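The values are calculated or read from the model by the stated rules, or taken from the named source; none is laboratory data. Computed from a predicted model, the values in this text were never measured in an experiment. Positions of Cβ are generated from backbone atoms using ideal geometry, with glycine treated the same way; all protein chains shown enter the neighbour counts.
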Amino acid sequence: MSGIAALVAPPSASASKSGIQTLLQSLVFRGPDAQEYELCGSAALAHALLLTDEQEHPKRQPLSFDGATWVAADARLDAREKLAEALQAAPGKPCTSLDDAELILRAYAAWGERCVEHLLGDFSFILWDGQRNLLLCARDQLGVKPLFYAPRRGGFAVSNTLQCLAEWAGDGQALNDAAVGDFLLFGYNQNPATTFFREIQSVPPAHVFIWRAGEVCLRRYWTCPGEGPLRFRRAEDCIEEFRGRLQKAVSDRIRNGRASILFSGGMDSTSIAATAKESLAARGQPANLKAFTAVYQKLFDDREGEFADLAAHALQIPVEFVAGDECALFAPAGRSGTVRPEPSDEPLAAFGESLYRAAALHSRVGLAGEGGDVILHPQSGPYLGWLLRHFHPLQALADVAKCFRKHGRLPPLLAGLRHKIGNPLGGDRGAAFPEWIAPEFARRCGLQERWKEFSRPSRSDHPFRPAAHGLLEAGFWPAFFQSIDPGATGILFELRMPFFDLRVLAWTLSLPPLPWCTDKWLLREAMRGRLPDAVRLRAKAPLPVNPAALLARQLSSRWLDEIELEEETRQYVAPERQLPLAGEKDEQRLMMKLRTISLNYWLQSLAQVKYKCRAGGL
């Protein structure tokens, strides 16, 4: 959760002390517990510490063993024992007691620039090797932790906090029109290598950014695995293997037993809670867990609280209900003077942030069930087609029969044949291109073609799990992770998602979808006896209505149509071409129109903040 930053000076120059101090100052809001910087010749590193419950004696960062190689990291590593064992052969002190930043330094000493290939977990880090005059920056495989960079005056700056670089770059920054176009069409920037600022780039997931003697290299070090299909003679063996991997993933995310759990009444989050209880009991630790559930008590009939309460009672975990009935559209989120660095496609963002703030009072570390729908995506058509193309008709018949025995019906063979990777929550982009987007802007950015491309089937070439792989390869999840990072929310709360653990993800994606992924059968069986059957066997139940759409259609929300758009917003949107929100019956188009207002509020906030250039040189 800590803030990190670095400056690299132009060739034959030294990094500016005032510049790194400026970057560090802009990180205080997300790392209030300690701030340090280190001048390293032509580079300078900074670290703003945010203490979590699991950090009793955190090491000072930027960190070095020899005064020549330094690291500043926002990292939570998985499989630490296995990594320490691999490093024991390397020179240096024993690795078993090292914290995450120290392990990264030891990994670099052992494997150099390829050290990141040996790391698992959620991390972004900046490493300076003074002897080689090399800066190595890395982002984890799925992009859970953000990392950005921006060139200036022959050098550049790096940080895991976009606001930090926006303040450093100063006023007059040009917006990235492609990102704005993506936001208006899809709700997020689909290119994980860019940001909404033209001059500030993002290190994509699974990439390293290397600066060496004035030359820059961006290199991918990991791709989503595509092995399989993995088969088991006994279903119990598969279930037990899955349960063990999930337990390791949860255990690595709650090292001292204290955590908040974002808790619905569905399978994914309750499974994480049950696994957390079991994992802590196996370690002999008391479970200091508390669940937080978002509910609507008046706006519509919402049963999430009922099932969440049932699961929490069975698990003996206290649960706090956070009601969203009184939350207004586009209500201020209470960020204490800070501004979201990028626009949000969530008109009820204030409600979501109120849930985070409540959870942060119990622990700065939270667990969530995101990712279960991805790794257990049930698409069966491509899998059966793959079996037939490879002359395995008997296996196809056996898997279909097995699915019928377990579920009492044939698998939905056609489901997902035209799966969409842009929106992992589902839904077909069959709507017409939004006519209210300014024609010149749409032409200049090729948005009509962008819209058509998004509506085509996924291009994932995985032979039998293309939908799941397509979801992971799309830009949605990096954008989502970035939107909930403390650097974006301003809330000192880090959400951790065990289903995205690579040990769980890679193994699960190697399974055939029949029968394991149909109706999440694998997860339901893994939780047998651990969750109440009313929760374990409950069908997936999204909210019966979209709260934001419901509020937008109410008479009290007619003020939305009276908002005067900023001049800059009108470069992107032609308001005279947009029908009133109150008269919009199609929910998808209604939500797309609300993005215009989201963009307008964000541009207003930028104008009010007026990021000022105070860096004082590199």
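Taking the condition closer than 30 Å to Phe441 by Cα, crowded, with 22+ Cβ neighbours inside 10 Å, assigned by TED's automatic domain parsing to the domain that holds His118 and touching a strand residue (DSSP E or B) at 6+ places or on another chain (Cβ under 7 Å), does Phe183 pass?
Details: closer than 30 Å to Phe441 by Cα: yes; crowded, with 22+ Cβ neighbours inside 10 Å: yes; assigned by TED's automatic domain parsing to the domain that holds His118: yes; touching a strand residue (DSSP E or B) at 6+ places or on another chain (Cβ under 7 Å): no.
No; evaluated as a whole, the condition is false for this residue.
Here's the yes/no breakdown for (1) in a loop (DSSP other than H, G, I, E, B); (2) touching a helix residue (DSSP H, G or I) at 6+ places or on another chain (Cβ under 6 Å):
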| site | (1), (2) |
| --- | --- |
| Asp301 | yes, no |
| Ala311 | no, yes |
| Val322 | no, yes |
| Glu326 | yes, no |
| Pro332 | yes, no |
| Val339 | yes, yes |
| Gly352 | no, no |
| Gly369 | yes, yes |
| Val374 | no, yes |
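The single residue among Ala213, Ala174 that is in the same structural domain as Asn133 (by TED's automatic domain parsing), surrounded by fewer than 14 Cβ atoms within 10 Å (Cβ to Cβ) and over 28 Å from Val116 (Cβ atoms) turns out to be Ala174. Being surrounded by fewer than 21 Cβ atoms within 10 Å (Cβ to Cβ), at pLDDT 75 or above, more than 28 Å from the chain's Cα centre (by Cα) and assigned to a loop (DSSP other than H, G, I, E, B): is that true of Leu410 here? So Leu410 fits the description; yes.
Note on segment 139-167: among residues that are in a strand (DSSP E or B) and among the basic types (Lys, Arg), the one that is nearest to Phe123 (Cα to Cα) is Arg139.
Yes/no matrix, rows are residues, columns are (1) of a type in the set (Gly, Ala, Ser); (2) more than 13 Å from Tyr221 (Cβ to Cβ); (3) surrounded by fewer than 23 Cβ atoms within 10 Å (Cβ to Cβ); (4) touching a Gly at 6+ places or on another chain (Cβ under 6 Å):
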{"position": "Ile104", "(1), (2), (3), (4)": "no, yes, no, no"}
{"position": "Ala107", "(1), (2), (3), (4)": "yes, no, no, no"}
{"position": "Ala110", "(1), (2), (3), (4)": "yes, yes, yes, no"}
{"position": "Leu120", "(1), (2), (3), (4)": "no, no, yes, no"}
{"position": "Leu147", "(1), (2), (3), (4)": "no, yes, no, no"}
{"position": "Ala150", "(1), (2), (3), (4)": "yes, yes, yes, no"}
{"position": "Phe156", "(1), (2), (3), (4)": "no, yes, yes, no"}
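Residue-level analysis places Gly226 outside the set of residues that are surrounded by fewer than 20 Cβ atoms within 10 Å (Cβ to Cβ), in the same structural domain as Ala358 (by TED's automatic domain parsing) and within 30 Å of Pro463 (Cα to Cα). Looking at Arg335, Arg364, Arg357, just one residue is at pLDDT 90 or above, surrounded by fewer than 20 Cβ atoms within 10 Å (Cβ to Cβ) and either basic (Lys, Arg) or under 23 Å from the mean Cα position of the chain (by Cα) (or both), and that residue is Arg357.
Answer yes if at least one residue in segment 3-24 is closer than 30 Å to Arg258 by Cα, in contact with a Gly (Cβ under 7 Å, 6 or more places away or on another chain), at pLDDT 90 or above and surrounded by 15 or more Cβ atoms within 10 Å (Cβ to Cβ), and no otherwise. Yes, segment 3-24 has at least one match.
Where helices (runs of 4 or more DSSP H) sit wholly within segment 459-531, those with at least 2 residues that are hydrophobic (A, V, I, L, M, F, W, C) and either under 13 Å from the mean Cα position of the chain (by Cα) or surrounded by 21 or more Cβ atoms within 10 Å (Cβ to Cβ) (or both) occupy 466-473, 476-484, 502-509, 513-516, 521-526. Taking the criterion of being aromatic (Phe, Trp, Tyr) and either at pLDDT below 80 or in contact with a Lys or Arg (Cβ under 7 Å, 6 or more places away or on another chain) (or both), the only residue of segment 449-481 that qualifies is Phe454.
Give Gln588, Gln554, Gln578 a once-over and let me know the one that is of a type outside the set (Lys, Arg), exposed (fewer than 14 other Cβ atoms within 10 Å of the Cβ) and over 30 Å from Lys17 (Cα atoms).
Details: Gln588 fails: exposed (fewer than 14 other Cβ atoms within 10 Å of the Cβ); Gln578 fails: exposed (fewer than 14 other Cβ atoms within 10 Å of the Cβ).
After applying the criteria, what remains is Gln554.
Counted as qualifying within segment 201-289 are the strands (runs of 3 or more DSSP E) with 3 or more residues that are over 19 Å from the mean Cα position of the chain (by Cα), namely 207-212, 215-220.
When residues in segment 534-568 are screened for being touching a strand residue (DSSP E or B) at 6+ places or on another chain (Cβ under 8 Å) and not in a loop (DSSP other than H, G, I, E, B), 0 of them pass.
None of Thr270, Thr275, Thr293 is closer than 30 Å to Thr596 by Cα and either surrounded by fewer than 20 Cβ atoms within 10 Å (Cβ to Cβ) or at pLDDT 95 or above (or both) except Thr293. Counting only residues that are out of contact with any helix residue (DSSP H, G or I) (no Cβ under 7 Å at 6 or more places or on another chain) and within 18 Å of Lys406 (Cα to Cα), segment 227-237 holds 6 of them.
Every condition in (1) at pLDDT 95 or above; (2) within 27 Å of Ala479 (Cα to Cα); (3) not aliphatic (A, V, I, L, M) holds for Phe242 except the one numbered (2). Considering (1) surrounded by fewer than 18 Cβ atoms within 10 Å (Cβ to Cβ); (2) touching a Ser or Thr at 6+ places or on another chain (Cβ under 8 Å); (3) at positive phi, the lone condition that Phe330 does not fulfil carries the number (1). Taking (1) free of Cβ contacts under 8 Å to residues at least 24 places away in the same chain; (2) closer than 20 Å to Ala157 by Cβ in turn, Glu36 satisfies each apart from (1). Could you list all residues from segment 248-274 that are among the charged types (D, E, K, R) and under 16 Å from Ala539 (Cβ atoms)? Passing the criteria: only Asp268.
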